[in-house]
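Below: the structure, in structure tokens.
The values are calculated or read from the model by the stated rules, or taken from the named source; none is laboratory data. The shown structure was predicted, so the numbers you read here are calculated from the model rather than taken from an experiment. Reconstructed Cβ throughout: ideal geometry from the backbone, glycine too, with neighbour counts over all protein chains shown. Areas reflect the complete protein model, heavy atoms only, side chains present, ligands, DNA and RNA absent. Shrake-Rupley method; radii C 1.70, N 1.55, O 1.52, S 1.80 Å.
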Amino acid sequence: MIGGSADIDICKIPLSNDTIHRRIKDMSENIGQNTAKTLANSNFALQVDETTDITGNAQLIAFVRFIHENDIINQLICCRELPDFTTGKHIFQVISSYLEEIKVSWKSCIGICTDGAPAMTGHLKGFVAHVKELNEDILVTHCFLHREALVTKFLPSDLKIVLEQCVKMVNYIKSRPLKSRLFSKLCQAMEAKYESLLLHTEVRWLSRGKVISRVLKLKDEMKIFFEQNKN
């Protein structure tokens, strides 16, 4: 598209693993520095969560929300490994250490959102308890997405039957490459808005609604497909 000479120029650009790593690190540091400058002169709220990566190590993730030039900014502020324990004290120490690095005070934090786990919200030893020792006016909230995820663990029997039937039909098509391709061809022939179904992921509760919504939008195509594949 841009001519053969461009290939030569592109090949001159260093793209080794070290180069890519260095550029990513430089961009990350630049974003962190700009965020630190903004937080130094404004109030902010934190959303903190602890998770475990594929290697079994505990990772602490913190998002920050603040107002900048009349816009509400939501941004990842840090991701730090918890080397030993995942208690409220250790979580507090990791977050406090990072805030000290970027020269931001807990006094500027007006809110904290967590998943409600004891390590986060324990009255005596939780992360929030340690923060309140430095800023007693801080507002603490329980993540509404997490609360909704807990609620959806217990579906009414009629809704559960619908979900199970939808998942069963979707798995019948999606788990077989040939049938998946045939279903896609059928959707194309019927000029459907979508050409594939969505798999249900148990650990992602929002996928339930997406799975059922996609089934409803392709219900006519699915009806024809199952009629053609009765045997």
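Evaluating kT/(6 pi eta Rh) at 37 °C and 0.692 mPa s, with the Kirkwood radius of segment 33-153 over Cα pairs in the Stokes-Einstein relation, gives 221 µm² s⁻¹. Ranked from largest, the principal axis spans of the Cα set of the chain equal 68, 64, 39 Å.
Can you give me the % of accessible surface on the chain that is carbon or sulfur? Probe 1.4 Å, all protein chains present, nothing else counted.
Its accessible area is 57 percent carbon and sulfur atoms.
The gain in end-to-end length when the L178 to K193 segment is fully stretched comes to 3.3 nm, 0.36 nm per residue minus the alpha carbon separation.
Highest-first packing order for the peptide set 171-181, 212-222 is 212-222, 171-181, based on the mean count of other beta carbon atoms within 10 Å.
Modelled this way, with points 7 Å down the Cα-to-C-beta line, the labels at E100 and I20 are 3.6 nm from one another. The GluC sites (Glu not before Pro) of segment 30-111 that meet both conditions, a loop assignment by DSSP and at most 15 other Cβ atoms within 10 Å of the site Cβ, are E69.
Could you state the accessible area per residue of segment 52-91 in Å², with a 1.4 Å probe and every protein chain left in place?
On the way: 2750 Å² over 40 residues.
For segment 52-91, the solvent-accessible area averages 69 Å² per residue.
Considering all C-alpha pairs of segment 117-179, those separated by over 13 Å amount to 75%. Computed with a 1.4 Å probe over protein heavy atoms only, the accessible surface of segment 108-231 comes to 68 Å² per residue. Magnitude of the charge dipole for segment 1-152, about its Cα centre and with charges confined to Cβ atoms of Lys, Arg (+1) and Asp, Glu (-1), is about 220 debye. Helices in the chain, meaning DSSP H runs of at least 4 residues, each add -39500 (n - 2.57). Divided by all residues, the mean residue ellipticity at 222 nm is -15500 deg cm²/dmol. Pairs spanning more than 32 Å between alpha-carbon atoms, out of K168/K193; K25/K153; K89/K153; K132/K210; K210/K230; K25/K174: K25/K153; K132/K210; K25/K174. Our note on the geometry: Cα centres of segment 94-118 and segment 14-75, 13 Å apart.
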